[in-house]
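Following: one structure in C-alpha cells, then a few remarks.
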Amino acid sequence: MFTLNSVMLAGRLGADAEIKTLPGDKGKVASFNLAVERSYKDRLGKWHSETDWFRVVTFVPSLIDKVLAKQATKGRLVFVQGALRARSWDQDGQRRTSIEIEVDANGGITPVVEDKA
C-alpha cells in the first residue's frame, strides 16, 4: 500500500516568524502564518481573488537558526515543503483541533528572491 503526505506552498508571511525555546532545553520551535493568494475568473468573466491562510511549524534547528531567525519577516515570499499534521488539545473544557503544515528534515523553507525590476 502506498501513502503520501506532502504539501508544497508558496506564499507570504503574515507576520515575522515566532521562535520559542522548548522547556527543559529540548530545542526550539518556529511557527508562522502563510498567506497563499489565488485568482480565478467566474462564468461572467469577472476576476476574483481569495487568500487562504496556513499555519507552518518546524522543529528543525538548521531551518530555525539559518533561515527563519534571519529572513522570515512579514510580507516575505517563501516556498514551503512539508506534511499535514493534526494536533488536539483541551482549552476551557472544549476539545480543539488544528491542522498545520509541519516541516521536518525531509522538507524545507526557502525564501524567494524577488526581482526588483
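Among the residues of region 20-30, how many are assigned to a strand (DSSP E or B) and in contact (Cβ under 8 Å) with a residue 24 or more places away in the chain?
Just the residues of region 20-30 that are assigned to a strand (DSSP E or B), to begin with: 20-21, 28-30.
Filter once more, keeping what is in contact (Cβ under 8 Å) with a residue 24 or more places away in the chain: 28-30.
Adding up the residues that qualify gives 3.
I'd like to verify a number: residues in region 61-96 that are of a type in the set (S, T, N, Q) and either within 17 Å of the chain's Cα centre (by Cα) or within 22 Å of THR21 (Cβ to Cβ) (or both), how many? Even if it seems obvious, please write down each step before you answer.
Residues of region 61-96 that are of a type in the set (S, T, N, Q), as a first pass: 62, 71, 73, 81, 88, 91, 94.
Then drop every residue that is not either within 17 Å of the chain's Cα centre (by Cα) or within 22 Å of THR21 (Cβ to Cβ) (or both), which leaves 62, 71, 73, 81.
So the answer is 4.
Quick check on region 101-114. Is at least one of its residues under 16 Å from the mean Cα position of the chain (by Cα) and free of Cβ contacts under 8 Å to residues at least 24 places away in the same chain?
The answer is yes, given that some residue of region 101-114 is under 16 Å from the mean Cα position of the chain (by Cα) and free of Cβ contacts under 8 Å to residues at least 24 places away in the same chain.
Which of the residues belonging to region 31-83 are of a type in the set (A, V, I, L, M, F, W, C), more than 13 Å from GLY108 (Cβ to Cβ) and part of a strand (DSSP E or B)?
Residues satisfying the conditions are PHE32, LEU34, ALA35, VAL36, TRP47, TRP53, PHE54, VAL57, LEU77.
Output yes when any residue across region 1-13 is outside any strand (DSSP E or B), closer than 15 Å to GLU100 by Cα and among the small types (Gly, Ala, Ser), and no when none is. It would help to see each step written out before you state the result.
Our first condition is that a residue be outside any strand (DSSP E or B); within region 1-13, this holds for 1-6.
With the extra rule that they be closer than 15 Å to GLU100 by Cα, the set shrinks to 5-6.
Applying the additional criterion that residues be among the small types (Gly, Ala, Ser) yields 6.
Yes; the residues of region 1-13 include at least one that is outside any strand (DSSP E or B), closer than 15 Å to GLU100 by Cα and among the small types (Gly, Ala, Ser).
Being modelled with pLDDT of 95 or more, under 22 Å from ALA15 (Cα atoms) and loosely packed, with under 13 Cβ neighbours inside 10 Å narrows it down to one of GLU102, GLU114, GLU50, so name that one.
Numbers: GLU102 fails: loosely packed, with under 13 Cβ neighbours inside 10 Å; GLU114 fails: modelled with pLDDT of 95 or more.
Just a single option satisfies the conditions, and that option is GLU50.
If you go through region 56-84, how many residues are closer than 23 Å to SER98 by Cα and surrounded by 15 or more Cβ atoms within 10 Å (Cβ to Cβ)?
Number satisfying all stated conditions: 14.
Please work out which one of (1) surrounded by 13 or more Cβ atoms within 10 Å (Cβ to Cβ); (2) polar (S, T, N, Q); (3) assigned to a strand (DSSP E or B) is the condition SER88 fails and give its number.
So SER88 meets the others, but not (1).
Starting from residues that are on the phi > 0 side of the Ramachandran plot and not acidic (Asp, Glu), keep the ones in region 12-27 and report whichever is surrounded by the most Cβ atoms within 10 Å (Cβ to Cβ). It would help to see each step written out before you state the result.
Here is the first cut: in region 12-27, the residues on the phi > 0 side of the Ramachandran plot are 24-25, 27.
Now drop any that are not not acidic (Asp, Glu), which leaves 24, 27.
Values: GLY24: 6, GLY27: 11.
That would be GLY27.
The values are calculated or read from the model by the stated rules, or taken from the named source; none is laboratory data. None of the values given here were measured: they were computed from a predicted structure. Reconstructed Cβ throughout: ideal geometry from the backbone, glycine too, with neighbour counts over all protein chains shown.
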